[in-house]
Amino acid sequence: MAVFNNVLELIGNTPIVRCQRLDTGVCQLYFKMESMNPGGSIKDRIGLSMIEDAERHGRLKPGGTIVEGTAGNTGLALALVAQQKGYRLILVVPDKMSREKIFNLKAMGAEVVLTRSDVTKGHPDYYQDLAKRIASETPGALYINQFGNNSNPYAHEFGTGPEIWQQMGHEMDAMVFGVGSGGTLTGLSRFFKRAAPHVDLVLADPVGSVLTKYVNEKTLDSTGGSWTVEGIGGDYLTAISEFDHVKKAYAISDRESFEVARELLKLEGILGGSSTGTVIAAALRYCREQTTPKKVVAFVCDTGNKYLSKMFNDYWMRDNGYITRQSTGDLRDLINRPYSERDTIVVRPAETLTVAYQRMKLYDVSQLPVMDGDQIVGILDESDVLMKVIDNPTAFQAPVSDAMITKLDQVQVSTPVNALLPMFDRGHVAIVMDGERFIGLITRMDVLNYLRRRAQ
């Protein structure tokens, strides 16, 4: 096995894995494992290509500053390359980006500027417009602009495309991908148009993006929607996008994307991200529509380890309506962590306040039911801990029983939702009971999540 000089030499030459367990109809589906790039995504290819092109043409000097707006993995790719080459990197990212990505970016030395995800191109807070403005106001900075940078599709025309074609032994019938900046689309289109024009190019697109309608109906709708999947989809056509060779597009909902990504892990052992879910969902639709066998390649665009707090988190999925329980018609419909399922985070009376504090931090909760066996005997929240230790930090070693509240706001499961509001006004949570049996807690946020799910 070869020894590499640095991680940048690991970019590209990712393997292809044959699908074994997902239902692909008469077709055979293959996964191009771009998640195995050192930065965890296909964007490593363009991060390296764009920076090295800027170096060759003198637009980027040693120790210089790179600025980019990114809604996905391009930021991580640029951070990887910039780190290795000694550049300062400023990234403007929409506030829907997963926490894991933001933590990763900062850990690699990137400066992260969060901006709104609910505005479109032309608005001063739109991530691309803001990045361009920051670059213009930063002396010597390069706005690398993946959306209009020709070295972006170059990486795929002369790298990714030939690589796939060679790995498949020049035997394949379709290629499925998503579009963010348009680099993958354009690079693959140029390569396959030249090397294998019979290969169907198939677009995987989030519901809400304008690109599906543009491909299938040749019309551009200016009224796009919103979607939760990160890194693909668009509300306009980027400067480098070439759609002429794309045969068909599939609009994939957030729910289907997340479900397919979770199935990909469960059945194939492949941990892919949210855009991967969209791409594989579209690939499965294409495969199942075919009446004759075809060899289809689809990208595993990125690794799913950046989405563990989102689509691989059952509680996040439930909060956002992507996983549903059978409705009971009472307050149980509002409880995200039912005690009967051992999902409720609890503490015991004899445990220390340190343990309670650590549990609150670990599970990102503000209050804990205090359980003696299966009986709720108190409630402990952040304020209770604070009041106990503010003048005596050694009190962290005191038992929970010394700080817990024993006068409990209990309600029965049949209680109307509106009846919970006075409890919230008093700064309390609702303790839901079924007779004498503890069911779970309801907070303000639980009610808001419930109401939002009903409105969807």
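Read-outs: derived from the displayed coordinates by stated rules, not from any lab. Everything numeric in this text was worked out from a predicted model, so none of it was measured. In this analysis, Cβ positions are derived from the backbone assuming ideal geometry, glycine residues included, and neighbour counts consider all displayed protein chains.
Miscellaneous remarks
- For the listed residue pairs Lys247/Lys294; Lys96/Lys213; Lys85/Lys266; Lys32/Lys121; Lys101/Lys247, the alpha carbons are over 27 angstrom apart in Lys85/Lys266; Lys32/Lys121; Lys101/Lys247.
- Taken one residue at a time, the phi angles of the stretch 188-194 give Karplus couplings (6.51, -1.76, 1.60, θ = phi - 60°) of 5, 4, 5, 5, 5, 4, 7 Hz. Gly and Pro are set to x.
- Rg and Dmax of the stretch 29-79, Cα atoms only, in Å: 12.8, 44
- Separation of the stretch 201-274 from the stretch 410-440 is 42 Å, based on Cα centroids.
- Applied to the stretch 320-336, the Karplus parametrisation 6.51 cos²θ - 1.76 cosθ + 1.60 on θ = phi - 60° returns per-residue 3J(HN,Hα) values of 9, x, 8, 10, 10, 9, 5, 5, 9, x, 9, 5, 4, 5, 9, 7, 7 Hz, with x for Gly and Pro.
- Label assignment, volume of the Cα convex hull per residue in Å³ derived from the structure, set [x] 230; [y] 252; [z] 198: [z]
- Taking Ile16, Ile232 and counting other C-beta atoms within 10 Å, the order from fewest to most: Ile16, Ile232
- Each of the peptides 364-373, 386-395, 275-284 was scored by the mean count of other Cβ atoms within 10 Å over its residues; in descending order, highest first, they stand as 275-284, 364-373, 386-395.
- Environment charge of Val447, counting only residues whose C-beta is closer than 12 Å and scoring Lys/Arg +1, Asp/Glu -1: +1
- Taking amide H as placed 1.01 Å from N in the peptide plane, Lys294 has its amide H under 5 Å from the amide H of Cys27, Gln28, each at least 5 places away in sequence or on another chain.
- Of all DSSP beta bridges in the stretch 328-455, antiparallel share, percent nearest 5: 75
- Among residues other than Pro62 with Cβ under 13 Å from its Cβ, the summed charge is +3 (Lys and Arg +1, Asp and Glu -1).
- DSSP assigns beta bridges within the chain; of those with both partners inside it, close to 30 percent run antiparallel.
- Fewest-first ranking of Tyr339, Tyr363, Tyr315, using other Cβ atoms within 10 Å as the exposure measure: Tyr363, Tyr315, Tyr339
- In order along the stretch 374-379, the Karplus-derived 3J(HN,Hα) couplings, from 6.51 cos²θ - 1.76 cosθ + 1.60 at θ = phi - 60°, round to 9, 9, 7, 10, x, 9 Hz, and Gly and Pro are given as x.
- Toward the positive end of the charge dipole of the chain, with +1 on the Cβ of Lys and Arg and -1 on the Cβ of Asp and Glu, the farthest Cα among Gly321, Pro399, Val432 is that of Gly321.
- For the chain, calculated [θ]222 nm from helices alone, where every DSSP H run of n ≥ 4 adds -39500 (n - 2.57): -9500 deg cm²/dmol
- Sorting 33-41, 397-405, 181-189 by their mean Cβ neighbour count within 10 Å, with the most densely packed peptide first, gives 181-189, 33-41, 397-405.
- Percentage relative contact order, the stretch 1-324, counting C-alpha pairs under 8 Å, at least six apart: 21
- Fewest-first sequence of Ile51, Ile11 by Cβ atoms within 10 Å of each Cβ: Ile11, Ile51
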